[in-house]
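What follows is a set of notes on a single structure, which appears directly below.
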Amino acid sequence: MKLNLIRPLAFFDLETTGINVGTDRIVEIAILKAMPDGSELIKSMRINPEMPIPLQSSLIHGIYDKDVVDELTFKDAAKELAAFIGDADLAGYNSNRFDIPVLLEEFLRAGVDFEMNDRKFVDVQNIFHQMEQRTLRAAHKFYCGQDIINAHSAEADITATYHVLLAQLDRYEGVDFEDKQGNISQPVKNDVDSLHAFTNMNKPVDFAGRMVFNENGEEVFNFGKHKNKTVEQVFDMEPSYYAWMKQGDFPLYTKKKLEEIWTRWSKKKGPKQAPQNNPARPVQPARPAQPAAVAQPRKPFQQPQQKPAVHPQPKKEVPAVNVTPDMLEQLKMKFGK
């Protein structure tokens, strides 16, 4: 079966240093670009993650530090990869929850604005899990009747994913599906828009699942104390929550989408109601102005004046006087003696 495409659909798979969307890095990427004319383009490259690859990850995908030490970093390869993908829609296996968020983190670190707003994304795993609920290996065996050769290499996995989707389209064409609300439809169609709608059950805003769209198309938080509340509603009652998330350990793309909502909300509020300062760095209220002290002019420095040294005057010598009897009498009369 040939995919019915209006524009290219890029199947991609990542091998990484781990499973933390915010901190782990890509060590291998493979892209199979299915074109509207039925042709296929493949690009595969290993990436130097600029960090050690944990042994437990190497044992899964078989890529060790020595295998990538001389490869390009993602920052060096980012523009080439973005150009290869172009305006294609994206597809993968568990791609909505892992591969797309990791890829977006890497593009943001590299300073490449990989726009997602106009893309469709098809997660083949979600078709499988909703219809059969098995692993990729089992899915390939179930739908294609054969085992994956060289499983856990990126190129083998995306080739298997591509073939599984083709087999799913054959198997589920015209098959009824009943959702949790009891609605019956035939969602698996050879049409990317239909597959996009069916494989994005949670309608993620940021792909990491911190925010999702509700039935009214509004962004709502999908975690924590504000779960199921609209993001704008939380901004109304607790705008500091934005600052907490911007400063917290959240993926860069989550923060980017959060900032877009904050900007839109601020514009609706208007300059008088929306916070004017940068919410990521709260400003302390200004203290009341204190009256300025009147500066007193300083006196020029003067060297302390030294008192002139006092030198004792020599005593004048009084010439000796001859004491007479009359002088003695006068002294007796004066002192009563």
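The values are calculated or read from the model by the stated rules, or taken from the named source; none is laboratory data. Predicted model, so just to flag it, every value in this text is computed and none were measured. Every residue, glycine among them, receives a Cβ derived from its backbone with ideal geometry; neighbour counts consider all protein chains shown.
List of remarks:
- Against the list (1) within 17 Å of residue 159 (Cα to Cα); (2) of a type in the set (D, E, K, R); (3) modelled with pLDDT of 90 or more, the condition residue 137 fails is (3).
- Restricting attention to region 131-165, the residues being surrounded by fewer than 17 Cβ atoms within 10 Å (Cβ to Cβ) and aliphatic (A, V, I, L, M) number 4.
- Among residues of region 168-193 that are in the same structural domain as residue 145 (by TED's automatic domain parsing), those with a beta-carbon under 6 Å from a residue that is surrounded by 14 or more Cβ atoms within 10 Å (Cβ to Cβ) and of a type in the set (D, E, K, R) at least six positions away or on a different chain give the pairs 192/89; 192/120.
- Looking only at residues in region 166-176 that are over 15 Å from residue 145 (Cα atoms), out of contact with any helix residue (DSSP H, G or I) (no Cβ under 7 Å at 6 or more places or on another chain) and not charged (D, E, K, R), the one that is surrounded by the fewest Cβ atoms within 10 Å (Cβ to Cβ) is 174.
- Residue check for residue 83: surrounded by 15 or more Cβ atoms within 10 Å (Cβ to Cβ) and small (Gly, Ala, Ser): no
- Scanning region 86-101 for residues that are of a type in the set (Asp, Glu) and surrounded by fewer than 17 Cβ atoms within 10 Å (Cβ to Cβ) returns a single hit, 87.
- Scanning region 226-259 for residues that are under 22 Å from residue 98 (Cα atoms) and part of a helix (DSSP H, G or I) yields 245, 246, 252, 253, 254, 255, 256, 257, 258, 259.
- Taken as a whole, the condition of being in contact (Cβ under 8 Å) with a residue 24 or more places away in the chain, hydrophobic (A, V, I, L, M, F, W, C) and either in the same structural domain as residue 119 (by TED's automatic domain parsing) or surrounded by 19 or more Cβ atoms within 10 Å (Cβ to Cβ) (or both) does not apply to residue 221.
- The set of residues in region 4-21 being in contact (Cβ under 8 Å) with a residue 60 or more places away in the chain and assigned to a loop (DSSP other than H, G, I, E, B) consists of 4, 5, 6, 7, 8, 19, 21.
This table checks each residue for (1) assigned by TED's automatic domain parsing to the domain that holds residue 149; (2) outside any helix (DSSP H, G or I); (3) under 22 Å from residue 168 (Cβ atoms); (4) under 24 Å from the mean Cα position of the chain (by Cα).
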residue: 23; (1), (2), (3), (4): yes, yes, no, yes
residue: 43; (1), (2), (3), (4): yes, yes, no, no
residue: 67; (1), (2), (3), (4): yes, no, no, no
residue: 84; (1), (2), (3), (4): yes, no, no, no
residue: 91; (1), (2), (3), (4): yes, yes, yes, yes
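- Single residue of region 186-233 satisfying the filter (of a type in the set (Gly, Ala, Ser) and within 23 Å of the chain's Cα centre (by Cα)) that is nearest to residue 90 (Cα to Cα): 208
- Close pairs from region 97-125: first assigned to a helix (DSSP H, G or I), partner of a type in the set (Ser, Thr, Tyr), Cβ under 6 Å, at least 6 apart: 104/253; 124/93; 124/161; 125/93
- Listed conditions (1) outside any loop (DSSP other than H, G, I, E, B); (2) modelled with pLDDT of 95 or more; (3) under 28 Å from residue 8 (Cα atoms) are all met by residue 190, apart from (1).
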